[in-house]
Amino acid sequence: MIRYRSALVVACGVALAAPAVAFAQDDVPSSTPTTTFTPPPMQYPFVAVSPSKSTAGEDVLVSVGCAVADFGEVTSMVLDKIGKFEVTSEDPVILGAVAHISDKAKPGFYAVKATCKTTTVTINLEVTPGKTPTVTPPPTTKPSKGTPPKSVQPVKPAAGRQVSKIPVGAPQTGGGGTAR
């Protein structure tokens, strides 16, 4: 009897404890880690040119990361015209302007320098060879209307006997070996 009573107490304890354990597990906050990506801080000041490879005569975008009050100037021996810099991004502050690469620029690397307060930053701009226009050579001789070029000879009729009547129907090939 004691044995059955002990088994009954254990069974009742398990029956009552199982929902409590399950309920307790439902209330446990999720342990799934939540990660947020934080980009590294932008290195101020900076200068960028887009595209970084261009040909003479093209326009490029020059961007400078610098506080507006600290912005100085942008210089380069290959840029002959630089537009007015305007704020293109508020946070972080980025200034941008369109610049023109000199039409006389030769292929190579050129420094683009930006001054921000007392700091000067530099980036290279690559000027690539321009596309050479393809010129089609002019014709060597101009044929006049009505006369064929000298290299073409007119077709002469074949010499010999001509057939006066054009045959009609299937060709007659003869009887062959079985003809009688």
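The values are calculated or read from the model by the stated rules, or taken from the named source; none is laboratory data. Computed from a prediction, not measured in an experiment: that's the story for all the values here. Here the Cβ is made from the backbone with ideal geometry for all residues, glycine too, and neighbour counts use every protein chain on show. The accessibility values were calculated without ligands, DNA or RNA, using every heavy atom of the protein model including side chains. Shrake-Rupley method; radii C 1.70, N 1.55, O 1.52, S 1.80 Å.
Couple of notes before you dig in:
- Among the candidates V60, V74, residue that is closer than 16 Å to V127 by Cα, modelled with pLDDT of 95 or more and either in a strand (DSSP E or B) or within 25 Å of the chain's Cα centre (by Cα) (or both): V60
- Here V60 meets the list (1) surrounded by 17 or more Cβ atoms within 10 Å (Cβ to Cβ); (2) in contact with a His (Cβ under 6 Å, 6 or more places away or on another chain) almost entirely, failing just condition (2).
- Every residue from the range 101-113 that is in a strand (DSSP E or B), farther than 14 Å from S50 by Cβ and either in contact with a Gly (Cβ under 8 Å, 6 or more places away or on another chain) or of a type outside the set (G, A, S) (or both): F109, Y110, K113
- Annotation note: Cβ proximity below 9 Å between a residue of the range 101-115 that is without any contact (Cβ under 8 Å) to a residue 40 or more places away in the chain and open to solvent by 100 Å² or more (accessible area, probe 1.4 Å) and a residue that is in a strand (DSSP E or B) and β-branched (V, I, T) (sequence gap 6+ or interchain) occurs for F109/V127.
- Hits in the range 85-100 - residues which are open to solvent by 80 Å² or more (accessible area, probe 1.4 Å) and in a strand (DSSP E or B): E86, T88, V98
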